[in-house]
Amino acid sequence: MDNSFLHSKRLLLVDDEQELLKMVTDILKDAGFETVLTAASVKEAVIVAKQEKPDLMILDVMLPDGDGFSLMEQLRTFTDVPVIFLTAKDEAADKLAGLGLGADDYISKPFMPQELLLRIYAVLRRTYKEDSPLVILDGCTIDFSRAEVNKGGEVISLTAKEHTLLETLARNEGKIVTLDALCEALWGDNPFGYENSLNAHVRRIREKIEVDPSKPVSLITIKGLGYKLITRK
Amino acid sequence: MKSFGTYISKHLASFAAFLLILVLINVILFGATFYHTVSEDYGEASPRAMLEMASTAATTEGLTDDAVQKLRQYNIWAMYLTPSGECFWTLDVPEEVPQNYNVQDVALFSKGYLEDYPVFVWNTDEGLLILGYPKDSYMKITSNYYSIEAIQKIPFYVMGMLGMDALCLFLAYYFSKRRIIQNTEPIVEAIETLANGKPASLHIDGELSEIAGSVNKASQIISRQNEARANWISGVSHDIRTPLSMIMGYAGRIAANEATTDKVREQAEIVRKQSVKIKELVQDLNLVSQLEYEMQPLHKEQIRLSKLIRSYVAELLNSGISDAYTIEIDIAPEAENAMLECDARLISRAINNLVQNSIKHNPQGCKILLSLKYTEETLTLTVADNGVGLTPEKLQELAEKPHYMESTDERLDLRHGLGLLLVRQIVEAHDGSMKIDSVPMQGYKVTLSFSTLLKRGKNNVSFHSK
């Protein structure tokens, strides 16, 4: 997937370990990020966040003058940008889930550089959607802003449910989205026994987007698990 | 607990036996004390023997010399009355004793005393022989009669009395045993809990409250030690994480750096892979110790395991695993909507450890099947592969040998890692069971079973007694 449109986003990294800051900065810069700001304490982080207005903040939970959770609360008073927690404790994950602080993700140390990058991209993509709402598939183009499919010049409109379904799959393009996640996206929590309805929607979408609906190449069934959408690079 | 009951029974039984022995000793002592008197009362000097001897020796004329001698030996006086109450003869009769009697006199003294001398009479053809014993030598019962009814009742009375005594003894035994067990049961249970290394709290009023205090104190010590150990492990694993992040990060960067030689990149890749192993170990170690000492609060919720399995497998496939492995899932229709109260994070972790085990032990690739079944209120989750499997010896070793985390034997093989131990602990924390099957060269299968029925919480063991 092309993430390069995200590389102009400004990242703020907060950790008291200077060497870790340096390493993560290197990893992020190597990956293509243009601006990586750093801070080593709660105080510094608040000042940098106010002055530089980053687009994503990565916070350590343990800081010399306070913890990441209270830092986040302070930051939330003036900014809504996404936050990823970096934690060295397993329990911190529970605390994050329990407190419902509204963090966008957490990564527990030790982490693989690749994992960190993937999560940063995922959060950024969720928050800052690409301006062009066009998704190009093998044989057609989907325009989500107009809820339309353009298949070889023929324009077919999508229903609301089909739009939601395709958008959920497109957001995770190339990845399996489980039946449960799709049902939840379509019908909300506890969607028991909606699998048949889901199948029906998938069938109708295939008729609209696939060149040969009986041999799908874009909307693929992963047996027993869910579906995935293959886009053309 | 059962052994304790037997212990009490034995002691109470020996107490009853002791009571019996005591009664026996009393009887023997009684016999020893009164043997002499009894033999005298019924021996040669007894009134009956004397009367028999004197009556044969007596004529209307007098007594034989032998008889006179014998009577005098025991200070006995004698007289022989004619049928009309006159004396044939007398022998040493005290002065105050009259010499002739009418019918009323005879009727009175024959049962009792003559002028305070206990007298005994013997009827002969000629008359009445009377022997007088010294004053205060015998006590005569002047009114000894019992109704036949009363005499007939005696055997029943004795039997009934003995029966009732036995019953009372048994009831006393039964109730005291029950009461002792009632009072000591919580203590024994608490001690058993302590013996398993788990903290227990005991609340008892009364005489045994001191024991409860000691048990609670021991429990506190165990808790404190467990806590200290868990904190120590958690502290170490915490402090390792940041440096390990940097090792992994830089090793990864070097391994991906096109500017360095292939050899350096290969070596960096080895460092990276090994540090991933340390990472897994550190994460497992902390969780294992938290579960072991029950420091980890379980966040149990009603979860559809089917959903959890799908989302785990989707994530695994999305993270990109080698094409050598195929992962399939098979969820039975009836298991689709079955709910289990569990900690989703821990169950995912257990599934992941099992899948990673299959991947680790089959570097050549294998097929991994996750299946879920639901029968008789039991959810059965199976992780199976068709890889190299285990030899029966290895399988047995895995089932029987304690893990080194739980063993004090220093010679144990330390190469196992913590994966399976963690799975077992997670399963135990959910009151489930785990089974491992394997056929060499055909595959390896781990089956986890959980009951969906609500169960009493096993944590926070507490015992009460009144």
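When B:Leu369 is tested against (1) modelled with pLDDT of 85 or more; (2) in contact with a strand residue (DSSP E or B) (Cβ under 6 Å, 6 or more places away or on another chain); (3) assigned to a helix (DSSP H, G or I), only condition (3) is not met. When the criteria are applied in full, B:Asp262 fails the requirement of being within 14 Å of chain A (Cβ to nearest Cβ) and either farther than 28 Å from B:Pro199 by Cα or β-branched (Val, Ile, Thr) (or both). Looking at B:Tyr145, B:Tyr133, B:Tyr138, B:Tyr173, just one residue is out of contact with any His (no Cβ under 6 Å at 6 or more places or on another chain), at pLDDT below 85 and within 30 Å of B:Leu91 (Cα to Cα), and that residue is B:Tyr138. Put simply, of B:Ile211, B:Ile187, B:Ile240, B:Ile191 the only residue that is assigned to a helix (DSSP H, G or I), within 14 Å of chain A (Cβ to nearest Cβ) and at negative phi is B:Ile240. Taken over the range B:341-356, residues that are assigned to a helix (DSSP H, G or I) and within 13 Å of another protein chain (Cβ to nearest Cβ) amount to 5.
Quick grid of which residues meet (1) modelled with pLDDT under 80; (2) closer than 26 Å to B:Tyr138 by Cα; (3) among the hydrophobic types (A, V, I, L, M, F, W, C); (4) surrounded by fewer than 10 Cβ atoms within 10 Å (Cβ to Cβ):
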residue	(1), (2), (3), (4)
B:Ala13	no, no, yes, no
B:Ile25	no, no, yes, no
B:Leu29	no, yes, yes, no
B:Gly43	yes, yes, no, no
B:Glu52	no, yes, no, no
B:Ser55	no, yes, no, no
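Only one residue in B:Ile28, B:Ile8, B:Ile21 is over 30 Å from B:Gly132 (Cα atoms) and in contact (Cβ under 8 Å) with a residue 40 or more places away in the chain, so which one is that? Exactly one of B:Ile28, B:Ile8, B:Ile21 is over 30 Å from B:Gly132 (Cα atoms) and in contact (Cβ under 8 Å) with a residue 40 or more places away in the chain, namely B:Ile8.
Filtering the range A:150-174 to residues that are touching a residue at least 40 places away in the same chain (Cβ under 8 Å) and either within 18 Å of A:Asn3 (Cα to Cα) or within 14 Å of another protein chain (Cβ to nearest Cβ) (or both) leaves A:Leu169, A:Ala170, A:Arg171, A:Asn172, A:Glu173, A:Gly174.
When B:Ile359, B:Ile321 are checked against the criterion of being in contact with a strand residue (DSSP E or B) (Cβ under 9 Å, 6 or more places away or on another chain), modelled with pLDDT under 85, more than 11 Å from every other protein chain (Cβ to nearest Cβ) and within 17 Å of B:Leu370 (Cα to Cα), a single residue qualifies: B:Ile321. Within the range B:255-295, the set of residues being surrounded by 13 or more Cβ atoms within 10 Å (Cβ to Cβ), of a type in the set (Asp, Glu) and part of a helix (DSSP H, G or I) comprises B:Glu269, B:Glu280, B:Asp284, B:Glu292.
Each residue in the range A:15-52 was checked for being part of a helix (DSSP H, G or I), surrounded by 15 or more Cβ atoms within 10 Å (Cβ to Cβ) and of a type in the set (A, V, I, L, M, F, W, C), and 12 pass.
Counting only residues that are among the aliphatic types (A, V, I, L, M), outside any helix (DSSP H, G or I) and under 19 Å from B:Ser449 (Cα atoms), the range B:296-340 holds 8 of them. Looking across the range A:175-233, the residues that are in contact with a Pro (Cβ under 7 Å, 6 or more places away or on another chain) and either free of Cβ contacts under 8 Å to residues at least 40 places away in the same chain or within 13 Å of chain B (Cβ to nearest Cβ) (or both) come down to A:Cys183, A:Glu184, A:Arg206, A:Glu207. Among residues of the range A:1-25 that are among the small types (Gly, Ala, Ser), those with a Cβ under 9 angstrom from a residue that is not in a loop (DSSP other than H, G, I, E, B), sequence gap 6+ or separate chain, pair up as A:Ser8/A:Thr35.
Screening B:Phe175, B:Phe156, B:Phe170 for residues that are assigned to a helix (DSSP H, G or I) and exposed (fewer than 10 other Cβ atoms within 10 Å of the Cβ) leaves exactly one candidate, B:Phe156. For the range B:274-297, check the following and say yes or no: at least one residue is more than 21 Å from B:Gln425 (Cβ to Cβ), more than 11 Å from every other protein chain (Cβ to nearest Cβ) and touching a residue at least 12 places away in the same chain (Cβ under 8 Å). No; the residues of the range B:274-297 include none that is more than 21 Å from B:Gln425 (Cβ to Cβ), more than 11 Å from every other protein chain (Cβ to nearest Cβ) and touching a residue at least 12 places away in the same chain (Cβ under 8 Å). Determine, yes or no, whether A:Thr77 is away from every other protein chain (no Cβ under 14 Å), modelled with pLDDT of 85 or more and surrounded by fewer than 17 Cβ atoms within 10 Å (Cβ to Cβ). Criteria met by A:Thr77. Residue pairs whose Cβ atoms lie under 6 Å apart, separated by 6 or more positions or on different chains, with the first residue in the range B:167-184 and on the phi > 0 side of the Ramachandran plot and the second aromatic (Phe, Trp, Tyr) and at pLDDT below 85, do not occur. Among the residues of the range B:353-382, those that are touching a Phe, Trp or Tyr at 6+ places or on another chain (Cβ under 8 Å) and surrounded by fewer than 17 Cβ atoms within 10 Å (Cβ to Cβ) comprise B:His361, B:Gly365, B:Lys367, B:Thr378.
Scan the range B:160-212 for residues that are small (Gly, Ala, Ser) and within 22 Å of B:Val23 (Cβ to Cβ) and the total you get is 5. For A:Asp55, the stated conditions do not hold, so it cannot be described as crowded, with 21+ Cβ neighbours inside 10 Å and either of a type outside the set (A, V, I, L, M, F, W, C) or out of contact with any helix residue (DSSP H, G or I) (no Cβ under 6 Å at 6 or more places or on another chain) (or both).
The values are calculated or read from the model by the stated rules, or taken from the named source; none is laboratory data. Values in this document were obtained by computation on a predicted structure and should not be read as measured data. So basically every Cβ, Gly included, is an ideal-geometry build from the backbone, and we count neighbours across all protein chains shown.
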